[in-house]
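Some notes on the structure that comes next.
None of the figures in this text is laboratory data; all of them are computed from the coordinates on show. Being a predicted model, the structure only gives us computed values, none of them experimental. Using ideal geometry, Cβ is built from the backbone for each residue, glycine included, and neighbour counts are taken over all protein chains shown.
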Amino acid sequence: MKNIIIYTKHNCMPCQFTKSFLNDHEIDFIEKNIEEDESALEEVKSLGFQAVPVVSIEGHPPFQGFNPDRLTQLIEQ
């Protein structure tokens, strides 16, 4: 399985949807909360994003937002 990192923050519904989607499909991921970890915030900025969720899947360009179609596509590859 590919390494998956989700950058999140508190009270973020798209973040919750993304995590729930992956949990429902029994996909392991690492969560990095930008409000709790300043280095995670810097990682998000270095990837070129200013909002969360940001999803980083090994071997693919990261993307922002809850996108179940894209998640399914990338996970199945």
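Pairs are defined by a Cβ separation below 7 Å, a sequence spacing of at least 6 or placement on different chains, a first member in the range 9-37 that is within 17 Å of residue 68 (Cβ to Cβ), and a second member that is among the polar types (S, T, N, Q) and not in a loop (DSSP other than H, G, I, E, B); the pairs so defined are 15/8. Tallying residues that are charged (D, E, K, R) and not in a helix (DSSP H, G or I) within the range 13-58 yields 8.
Looking at the structure I just gave you, is residue 4 under 11 Å from the mean Cα position of the chain (by Cα) and either surrounded by 11 or more Cβ atoms within 10 Å (Cβ to Cβ) or of a type in the set (Lys, Arg) (or both)? So residue 4 passes the test. Within the range 33-42, the set of residues being surrounded by 14 or more Cβ atoms within 10 Å (Cβ to Cβ) and over 12 Å from the mean Cα position of the chain (by Cα) comprises just one member, 41. Residue 61 meets all of the listed conditions (1) outside any helix (DSSP H, G or I); (2) more than 12 Å from the chain's Cα centre (by Cα); (3) surrounded by fewer than 13 Cβ atoms within 10 Å (Cβ to Cβ) but one, namely (2).
Pull up the range 15-32, narrow it to residues that are touching a strand residue (DSSP E or B) at 6+ places or on another chain (Cβ under 9 Å) and not hydrophobic (A, V, I, L, M, F, W, C), then point me to the one that is surrounded by the most Cβ atoms within 10 Å (Cβ to Cβ). Across the range 15-32, the extreme among qualifying residues is 18.
Do any residues in the range 65-76 that are among the charged types (D, E, K, R) have Cβ atoms under 9 Å from those of residues that are surrounded by 15 or more Cβ atoms within 10 Å (Cβ to Cβ), where the two are at least six apart or on different chains, and which pairs are they? Within 9 Å, the pairs are 70/55; 70/63.
Scanning the range 64-73 for residues that are outside any helix (DSSP H, G or I) and surrounded by fewer than 17 Cβ atoms within 10 Å (Cβ to Cβ) yields one hit, 65.
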